[in-house]
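Scroll down for the structure; my scribbles are underneath it.
Please treat every number below as a calculation from the coordinates, not as lab data. The structure displayed is predicted, hence computed values, not measured ones. As a convention, Cβ positions derive from the backbone with ideal geometry for all residues, glycine included, and neighbour counts pool all protein chains shown.
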């Protein structure tokens, strides 16, 4: 699993204490006027002489490259080996005083996601990013600075949290920023949808006329009190559905997401019917395997079920949804666990930085088609993982 | 069949069946609606005997045997019970139904948001 | 402190399931629904928008008496399908309103199907013909160009985004010149209106020529023909000089498919006394001719059918026997892996599972008279439907709405002759239908009831239309409940 933030930062020269948002570059010949927004990643051979004017300089790993320390400019640092993934075009938040480095954006990745707040108005049993009741409004400010540094060619960017809509008008500003600086980038916001029950907020989103915006909203049951239980918030079901209806009234793209675990698998076919009869107009339905992060570990007894055991319900649900010609995908499952009829709905969905395979998978002939596991699955995963071998 | 417990069924001389309904339990409107639904199986004439009692006089076409008559009478009684239940449901849900239809035909939301 | 840290310090911050279940304390209320007995053990409940649930009959009273246990499977199913509502959630009302609106949407689209009877002349002399036909050489029975122009102007007054123009007769190909004229004029007009315009010719295909096929190809016209069954049945039902109606229709189907493609050629069968014992043969004929569906139709009580006493030759029970034999046979074909649809069942299944209403006029509420389909007769008279003009041929002009040469669009569409039967065909309000459990799936056919009972509403207990629909709906629901394989097959026939 990639470490997208680190504290292992060793200064080599005197440094400025302010926090900065900067783009990583390996190009020491960058025009002088733009260097102050860039951090130079020092790789081979440049250890001798460091060009002036960059916001900071990063060496990764051993100090072999570091010579002539006394001639170095300010703000030279050494990072640990696990930051070796950093490359040209990545955007970071650098707090030299703490010290802390957070990678906000990776140009080479297909799975960039901007965490905009850790506050949330739900409290899901299986939350992989447990809420913090703090003032983290600085995050939005950082992102507003970071977005102009991101590459225009980025295919897709996610907006996550916590609950992004808690940003209120700042979310609108953020989305507008994304529209202006990344006009061909698809934006996928993960939200519980509750704030969209407010028509005027939804209208503001619509007025943005973003080129390709989709809101991914979870519904965990066809029964309101079961959904409210899973998200631990009374009245959440009604607000979420009202939010979806409002988004559709303003012709916004909506995806329904369902995390499959012990509390949600049993009525999955009924939920599928409910979605088909009441929310047929949504653009996509994603049925997702459980991630072993955050609150999941705390509530494991109430949540864990081997995916092999809920294949009948999953198959039925997918049959219902596809009969109604809804777009359906299955995420976060391994091919050896899935009923073969579900393979065509399976997607490789796990973000690259937390995607792994188990030792059992080594000889598997379907490894490249299979989505593999979350890194966190090492905590617990199915006892039915069996590699596909040549004969199969 | 439990439904005939509180209504007696008698055969009269001309081959028709007489069914007694307790009006403290069944509404006249329910009995009338059931009679309407059974028009192809039998002809139903209603006679109110007292405040609490109504007699339904079921007459059949000539080629109906005794067994078939009993079956029709039982089904008729079941229909009275069903009609009674239908009236209860309709009454209880009338306001909600009007709300739903009004909303269906309007442009505003039922759940008011700012 | 993170939430996890807080959690472990102060005991679990997570509430259990019951904490969110208000109904444990305050119970539930009913949402509007209807019911009807399915068989001697079960009831079927239908909600305001046609979603259904089958229950053991003993549970009905418990449901109404509010004694279903909160959190039980039945409770949850009733709640999910909008049969009950509790204090935990009120979004059901908004969802029901949205669904109702979607079901009724098509009414506001207004008239889609416009039938042009271009000629009453015909080369066949089918005894069941629901239209009086004249022999081939009476030109007095063709629609004139002027009439056609006026009918087209009327057609394009409809607000519907899609318009279907269907040519009927007699045998419409006997007046093919007028068909060409109408198609070209309609396409010209459509350059301004930009509607989704479709043409169909209802023809026996006996007079098909290359020129006709070429025109149909150029203008993307559909052909709908009659195939009553295997040769002996078809020829007996549909006599023609030379007794070659079967050969001609088969040739016609094949030629048309070769030029226009199979999707442009469809067939309908008409049921006669002779058909009643031959359900399987008829379906086999459709299989033989490469069709993937059949519409097992009842005989309507109009036109020559009544005059020649065909109609009296069977009652609805006999027809149902025929229909179910056909349906069972078709379902078995599907079970053996061959996809084949019975279309009347598919229409009903569509009403059960699709969010929209149906385009099938006889199962609409209000009935699709005029507001969904309308007919322009060869003599410039305007009728509420095909059945309306059949009735007129029998001497009963109750459903004649006016004359295109004498009346305006408004006069015709707002005539008493149209408004009365529409008003009387709203199932939600007429006796017998207003509390029926099958109401969401049914319609009313005022013309049928007028023809058979002299009353547009009709006494439903005495109505063949009602008996037919109830029997079929019961059978379909029982199949879906009791036969999982059949259920999958039937669900695939519905096109949501």
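Below is a table of values for the structure above.
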{"read-out": "Mean separation of Cα contacts under 8 Å (6+ apart) over length of chain B, as relative contact order %", "value": "25"}
{"read-out": "Inter-label distance for residue B:23 and residue A:5, nm, one decimal - labels placed 7 Å from Cα along Cα-to-Cβ", "value": "7.9"}
{"read-out": "Expected 222 nm ellipticity per residue - DSSP helices of 4 or more, -39500 (n - 2.57), all of chain A, to 500", "value": "-6000 deg cm²/dmol"}
{"read-out": "Test item: A:275-285 mean partner chain Cβ contacts at 10 Å", "value": "3"}
{"read-out": "On Cα atoms only, tilt of A:311-323 relative to the major axis of chain A in degrees", "value": "90"}
{"read-out": "Pairwise centroid distance, computed over Cα atoms, of segment C:207-251 with segment A:194-235, Å", "value": "57"}
{"read-out": "Extended-chain gain in nm, criterion 0.36 nm per residue less alpha-carbon gap, residue C:140 and residue C:209", "value": "22.4 nm"}
{"read-out": "Label-point gap, in nm, between residue A:212 and residue C:191 - each point 7 angstrom along Cα→Cβ", "value": "3.8"}
{"read-out": "Peptides ranked, highest mean first, by Cβ atoms within 10 Å: ranges C:273-279, C:189-195", "value": "C:273-279, C:189-195"}
{"read-out": "Among beta bridges that DSSP assigns inside the protein assembly as shown, antiparallel share in %, nearest 5", "value": "45"}
{"read-out": "Kirkwood-based Rg to Rh ratio, chain C, C-alpha trace", "value": "1.04"}
{"read-out": "Euclidean distance of C-alpha centroids, segment C:60-109 and segment C:347-403, integer Å", "value": "33"}
{"read-out": "Full-stretch length increase - residue A:280, residue A:12 - with 0.36 nm per residue and alpha-carbon distance subtracted", "value": "90.6 nm"}
{"read-out": "Antiparallel DSSP beta bridges within chain A, percent to nearest 5", "value": "30"}
{"read-out": "Per-residue Cβ neighbour rank within 10 angstrom, fewest leading, C:480, C:473", "value": "C:480, C:473"}
{"read-out": "Distance-filtered residues of segment B:52-96 - backbone nitrogen under 17 Å, label point 7 angstrom along residue C:434 Cα→Cβ", "value": "B:83-96"}
{"read-out": "Test item: C:96-109 mean partner chain Cβ contacts at 10 Å", "value": "4"}
{"read-out": "Protection proxy ranking, peptides A:191-197, A:347-353, C:202-208, average beta carbon neighbours within 10 Å, highest first", "value": "A:191-197, C:202-208, A:347-353"}
{"read-out": "Angle in degrees between helix C:145-155 and the longest Cα principal axis of chain C, rounded to the nearest 10", "value": "10"}
{"read-out": "Chain A: angle of helix A:236-249 to the longest principal axis, Cα-based, in degrees nearest 10", "value": "80"}
{"read-out": "Gained length - residue A:108 relative to residue A:49, 0.36 nm times residue gap less alpha-carbon distance", "value": "18.4 nm"}
{"read-out": "Mean shadow area of chain A over all directions, Cα convex hull, nm²", "value": "20.8"}
{"read-out": "Inter-chain Cβ neighbour average for residues B:85-96, partner chain, 10 Å", "value": "5"}
{"read-out": "Kirkwood Rh, Cα atoms: Rg over Rh of segment C:3-103", "value": "1.13"}
{"read-out": "Span from the segment C:470-484 Cα centroid across to the segment B:52-103 one, whole angstrom", "value": "23"}
{"read-out": "For chain C, share of DSSP beta bridges that run antiparallel, in % to the nearest 5", "value": "40"}
{"read-out": "Computed label-point distance, nm, for sites residue A:388 and residue B:47 using a 7 Å Cα→Cβ extension", "value": "8.1"}
{"read-out": "Max mean-square fluctuation residue, GNM over chain A, Cα-Cα springs under 10 Å, options A:34, A:91, A:42", "value": "A:34"}
{"read-out": "Highest-first arrangement of C:459-471, A:255-267, where packing means the average Cβ count within 10 Å", "value": "A:255-267, C:459-471"}
{"read-out": "Cα gyration tensor shape of the protein assembly as shown, rounded if a/c is under 1.5, else prolate or oblate by comparing a/b with b/c", "value": "prolate"}
{"read-out": "Ranked list, fewest to most other Cβ atoms within 10 Å of each Cβ, for C:163, C:184", "value": "C:184, C:163"}
{"read-out": "Neighbour-count order for B:13, C:328, B:52, fewest beta carbons within 10 angstrom listed first", "value": "B:13, B:52, C:328"}
{"read-out": "Förster-model FRET efficiency, 22 Å R0, residue A:316 and residue C:336, C-beta, rounded to 0.05", "value": "0.40"}
{"read-out": "Calculated SAXS-style log₁₀ I(q)/I(0) at q = 0.10, 0.11, 0.12, 0.13 Å⁻¹ - segment B:2-104, Debye, Cα scatterers", "value": "-0.32, -0.38, -0.44, -0.50"}
